[in-house]
Structure formats: structure tokens, C-alpha cells
Amino acid sequence: ILVQQATTIRSPTEPGTPSGCGYEPETTTHEINLSANLLLGDCIKYMQAMPNESIDHIYTDPPYAIDMKMLAQEGTGIVDIDRVADEHDVDQNIILLHNFLRQASRILKHTGFCVLWYDLDMHESLKATAIVEDFSVQRWPLIWTKTHICQNQAAAYNFTKCTEVAMVLRKQKAVLAQHQGRNYFSCGNDKQDYNVSHPFWKPLTLHFWVLNAIALPGQTVLDPFAGCGSIPLACAQLGLSFTAIELVPEHYSIMR
């Protein structure tokens with residue numbers, strides 16, 4: 001399926017502008033081959049079939065390998081937990097994440113970054129595996145500070161959680177495309193703009209910040225856990241080549 005669409009190319013502005021995290025649009029047009037770029041199935045099997053050092057960067061939001069019931073009680077503001085809970089068996093996801101890092105290291109170029117969103121409970125485990133797989137690990141995470149209201153069902157005991165974190169891994173010769181003066185980005189959710197209810201959808205402006213920092217125009221970005229497609233959509237709007245893989249047919253259909 002070839003889809004020709006008007007695409008908004010955006011450049012980052014400093015967080016804290018009147019619009020919160022605005023981008024100035026310049027409109028251009030290009031063609032996207034959805035059949036080649038959006039893949040349905042097991043990401044590990046797809047990655048195993050990819051040649052060594054064939055991908056410029058990996059940017060993804062994988063399963064967090066934590067109990068979804070616990071996540072629902074942490075006051076993150078996430079809804080529809082029950083709808084996706086069956087996809088997030090803790091033990092299976094731990095194995096999945098470690099297998100993912102092994103394949104990610106193999107298929108990334110020596111100049112590549114791998115940025116993945118994760119839960120802090122998994123930090124030491126993911127860091128240890130990443131080092132074994134020949135990644136350098138940034139010692140501090142990227143932080144998304146949410147400006148929308150986040151719920152807290154245990155407000156008598158816990159500070160409200162209104163942040164999420166991403167781990168930055170890099171191969172031996174990787175350097176940032178743009179130097180960054182901070183490791184946090186503030187913005188609100190944009191689900192209403194794209195009519196999605198997936199609980200782990202993240203805003204496009206957040207993805208623009210990460211992608212502009214690690215990737216150059218025309219480079220290839222792989223998202224092995226694409227969900228409903230916010231990362232590949234951001235890649236398309238930035239003029240990046242991308243491959244997005246999603247296991248769940250319902251999410252895949254929404255992404256297309």
C-alpha cells in the first residue's frame with residue numbers, strides 16, 4: 001500500500017514556550033510504503049532476519065515487565081489497563097527485553113543509538129544486559145515530565161507520579177546529531193488529537209525531541225514495539241526512514 005500524504009516537517013523549540021512544547025511546521029509531501037514499513041508479527045523474529053549493522057537507530061516503547069495491576073495503582077493517569085494486561089506477562093516480558101537487546105546490538109550500526117522507555121524497577125537488569133551486549137549506557141535517563149493531570153489512587157501515601165523515563169544506549173562510535181542542554185522534556189498528552197485510547201501512547205512532540213537528538217534526516221529508525229504508531233508517525237513527519245513492528249493485530253490496524 002502506497003500512501004501519499006502531506007507531511008509536516010518540524011523543528012524543535014525550547015521547552016517552556018507559550019505553547020508548552022511547540023514546533024513550527026513546514027509542509028512538504030512524500031510517499032510512504034506502508035506494506036514495507038509497517039510489519040505485523042513477532043519483532044524478535046523480524047530482527048533475527050535483519051542483516052548485521054543494517055539499522056541506524058532504534059527508538060521504542062517496549063513492555064515494561066512490571067505487573068499491570070501495580071501500574072494501575074501508581075497514579076500514572078493511565079486508563080484501559082485491563083484491555084492490554086494480557087499482553088504484559090512479567091516473566092515473558094523480561095525474557096523479551098533481554099532478547100531484544102541482544103538483537104538490537106547486532107543490527108545497529110557502530111554509530112547507532114538505542115533509546116527505550118522503561119520502568120525504573122528494571123534499570124539494573126536492563127543496564128547489565130546492555131553492557132554484556134556491547135552497549136554503552138548513559139548513567140541517567142531521559143525524563144518526560146507530564147504537564148497534563150495525572151491521577152493518584154493512593155494520594156495519602158505516595159507523591160503523584162507524573163514522569164516517565166527512557167534509557168539511552170549507544171554503540172562505540174555514536175554521537176548525538178544535536179547537543180542537548182537537558183535530559184528532560186515537558187509536554188502533555190496528545191491522544192485526543194489522534195483519537196487513540198492505547199494506554200501507552202506517547203505524544204509526538206516528545207518523540208520529536210528524542211529523534212532530533214539522535215538521528216539525521218534520511219537515517220533509518222526501527223521501532224520493534226510500535227503499538228498504535230506514535231513513533232513511526234513522528235519519524236514520517238521528520239523525514240526519517242522507519243520500520244515499525246507490532247505484534248497485536250488491533251494495534252497494527254490502528255497504526256496503519
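The values are calculated or read from the model by the stated rules, or taken from the named source; none is laboratory data. Note that the structure is predicted; figures quoted are calculated from it, not measured. Here Cβ is always computed from backbone atoms with ideal geometry, including for glycine, and neighbour counts include all displayed protein chains. Protein only, heavy atoms only, side chains kept; ligands, DNA and RNA dropped before computing areas. Shrake-Rupley method; radii C 1.70, N 1.55, O 1.52, S 1.80 Å.
Summed over all non-identical Cα pairs, the Kirkwood treatment of region 113-176 gives a radius of 13.5 Å. Shown in residue order for region 55-60 are the 3J(HN,Hα) couplings computed by the Karplus curve 6.51 cos²θ - 1.76 cosθ + 1.60 at θ = phi - 60°: 10, 6, 8, 10, 9, 7 Hz (x for Gly and Pro). Across region 87-188, C-alpha contacts under 8 Å between residues 6 or more apart give a mean separation that, scaled by the residue count, equals a relative contact order of 36 percent. Cα-Cα over 27 Å: which of LYS161/LYS191; LYS45/LYS171; LYS127/LYS173; LYS161/LYS202; LYS109/LYS146? Those over the limit are LYS109/LYS146. Projecting label points 7 angstrom from Cα along Cα→Cβ for ASP121 and LEU176 puts them 3.1 nm apart.
Only Cα sites of region 172-256 enter the Debye sum here, all with the same form factor; the resulting log10 I(q)/I(0) across q = 0.14 1/Å is -0.51, listed in q order.
The dipole here belongs to region 134-224: it is taken about the Cα centre, uses +1 on the Cβ of Lys and Arg and -1 on the Cβ of Asp and Glu, and is about 280 debye.
Label positions at ASP193 and THR145, each projected 7 Å from the Cα along the C-beta direction, are separated by 2.0 nm.
Remark: accessible surface ordering of TYR184, TYR64, TYR59 (largest first) is TYR184, TYR64, TYR59, probe radius 1.4 Å.
Computed extension gain for SER54 through GLU250, at 0.36 nm per residue and net of the alpha carbon distance, reaches 67.7 nm. In this rough spin-label picture, where each label sits 7 Å from Cα along the Cβ direction, the LYS161-ILE95 distance is 2.5 nm. Pairwise inverse Cα distances across region 96-226, averaged and inverted, put the Kirkwood hydrodynamic radius at 16.2 Å. Packing around the peptides 172-178, 145-151, taken as the average count of other Cβ atoms within 10 Å per residue, puts them in this order, highest first: 145-151, 172-178.
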